[in-house]
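Derivation of every value follows stated rules applied to the coordinates shown; laboratory data play no part. Everything numeric in this text was worked out from a predicted model, so none of it was measured. Quick reminder, even Gly has a Cβ in these numbers, built from the backbone with ideal geometry, and neighbours come from all protein chains shown.
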Amino acid sequence: MSSLLEVEDLRIGFATATGRFEAVRGVSFTLGREKLGIVGESGSGKSLTGRSLLRLLPDTAQLTARTLRFDGQDLLNISPRDLRKIRGRRISLVLQDPKYALNPVMTVGAQIAEAFRTHARASRADARAKTLAMLEAVRIRNPERVHDLYPHEVSGGMGQRIMIAMMLIPEPDLLIADEPTSALDVTVQMQVLAILDDLVTQRGMGLIFISHDLNLVASFCDRILVMYAGRVVEECRASELHAATHPYTRGLLASLPRIEESRAELAVLARDPAWLTA
């Protein structure tokens with residue numbers, strides 16, 4: 001399988017009063033047209049890794065890498081103008097909470113159509129038709145009605161589907177989904193994952209799925225990267241996550257509650273300083 005994305009020795013640091021702090025330290029991976037999960041605790045560097053691919057980092061961030069290449073293009077040395085052609089059009093980012101990601105003073109339809117017309121020459125009529133088709137593709141009932149609603153008039157689950165529709169309407173090659181289901185209940189979560197799975201498979205896209213939910217990622221993705229303190233400590237096929245060998249991954253798995261087990265308390269992860277340098 002040819003690589004759509006190549007990342008080698010990615011590092012993201014921030015200057016502090018006590019010196020440089022490295023939030024992402026030497027991350028390397030490749031991605032084809034597949035579903036790659038990145039898991040780990042809050043603060044492990046998952047979201048920074050995803051955002052670095054679009055160079056959507058704070059001005060204070062210091063980004064370096066040996067290789068950061070998307071479909072043959074060098075994302076480190078690309079011009080701002082060429083980078084804008086990639087953002088949204090070829091690489092899209094679905095954020096965690098639609099309440100903060102959607103514009104509250106624009107209708108749902110206007111926001112999705114704007115995402116389409118920014119990257120394609122199209123009339124208002126064509127953009128509306130494409131928007132309605134996209135709303136239907138993410139399984140929203142009565143897209144004509146939802147098209148004219150404002151974000152505060154839709155549920156959390158519908159808002160997340162709208163975000164997915166907005167990011168997929170330019171037909172990107174790579175979708176980065178940063179905890180897109182963490183604010184949803186279990187039933188809606190499964191529906192959103194099914195939509196993502198169908199669309200990614202049908203369109204032959206690559207997907208980076210960022211989450212802290214090991215069971216969810218194991219059931220949904222093809223491969224998994226486990227991050228700890230800015231480093232990738234383990235990589236495995238999703239179907240083999242239960243057989244992971246790194247003590248950190250084993251500790252995360254042991255701390256998960258299981259319906260079939262009766263335990264007085266969940267295991268607490270014991271951390272080893274050697275994980276920071278191994």
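What are the ³J(HN,Hα) couplings of the range 232-249, residue after residue, when phi is run through the Karplus curve with 6.51, -1.76, 1.60 and θ = phi - 60°? Round to Hz, x for glycine and proline.
After applying 6.51 cos²θ - 1.76 cosθ + 1.60, I find 8, 9, 7, 10, 7, 5, 4, 5, 10, 4, 4, 9, 4, 10, 5, x, 5, 4 Hz.
Filter the trypsin sites (Lys or Arg not before Pro) in the range 159-266 to those in DSSP coil with at most 14 other Cβ atoms within 10 Å of their Cβ, and list the result. Don't skip to the end; give the middle numbers.
On the way: sites: ARG161, ARG203, ARG223, ARG231, ARG237, ARG250, ARG258, ARG263; in loops: ARG258, ARG263.
Taking the range 159-266 and a limit of 14 other Cβ atoms within 10 Å, the loop trypsin sites (Lys or Arg not before Pro) found are ARG258, ARG263.
How much length, in nm to one decimal, is gained on full extension between GLU265 and ASN142, taken as 0.36 nm per residue of separation minus their Cα-Cα distance? Intermediate results must be reported in sequence, preceding the final value.
Details: separation 123, 0.36 × 123 = 44.28 nm, distance 4.64 nm.
Contour length minus the Cα-Cα distance gives 39.6 nm.
About its Cα centre, how strong a charge dipole does the range 92-181 have in debye, to the nearest 20, once Lys and Arg get +1 and Asp and Glu get -1 at the Cβ?
Approximately 280 debye in magnitude.
Assuming 0.36 nm per residue, please report the length gained on full extension of the stretch ARG55 to SER219 beyond their Cα-Cα distance.
Numbers: separation 164, 0.36 × 164 = 59.04 nm, distance 2.95 nm.
So the extension gain works out to 56.1 nm.
Along the charge dipole of the chain, which of MET166, PRO273, LEU199 sits closest to the positive end, that is, farthest toward it, with unit charges on the beta carbon of Lys, Arg, Asp and Glu (+1, +1, -1, -1)?
Result: MET166.
Could you put CYS236, CYS221 in order, starting from the residue whose Cβ has the fewest other Cβ atoms within 10 Å?
Fewest-to-most ranking of CYS236, CYS221: CYS236, CYS221.
Less than 17 Å apart at the alpha-carbon level, and either on another chain or at least 8 residues along: which lysines does that give for LYS99?
Answer for LYS99, where 17 Å is the Cα cut-off: none of the lysines qualify.
Tilt of helix 156-168 relative to the longest C-alpha principal axis of the chain, in degrees (0 to 90, nearest 10)?
80 degrees
Can you compute the charge dipole magnitude of the chain about its Cα centre, using +1 on each Lys and Arg Cβ and -1 on each Asp and Glu Cβ, nothing else charged? Give it in debye, rounded to the nearest 20. Mind dumping the intermediate values first?
Details: 34 positive and 33 negative charges, 173 e Å.
Dipole magnitude for the chain comes out near 820 debye.
Where a Cα-Cα gap under 20 Å defines reach, which lysines qualify for LYS35, not counting those fewer than 8 residues away within the same chain?
Straight-line reach from LYS35, under 20 Å: LYS46.
Distance in nm between label sites at LEU83 and ALA129, each 7 Å beyond Cα in the beta-carbon direction?
Result for the modelled spin labels: 3.7 nm.
Could you let me know the centre-to-centre spacing of the range 170-206 and the range 209-268, using Cα atoms, in angstrom?
Each part reduced to its Cα centre gives a spacing of 20 Å.
State, to one decimal in nm², a quarter of the convex hull surface area for the C-alpha atoms of the range 163-259, i.e. the direction-averaged projected area. Could you put the intermediate results ahead of the total?
Working: hull surface 28.2 nm².
Over every viewing direction, the Cα hull of the range 163-259 projects on average to 7.0 nm².
Tell me which of LEU76, LEU149, ALA23 sits at the most positive position along the dipole axis of the chain, charges placed on C-beta atoms (Lys, Arg +1; Asp, Glu -1).
It is LEU76.
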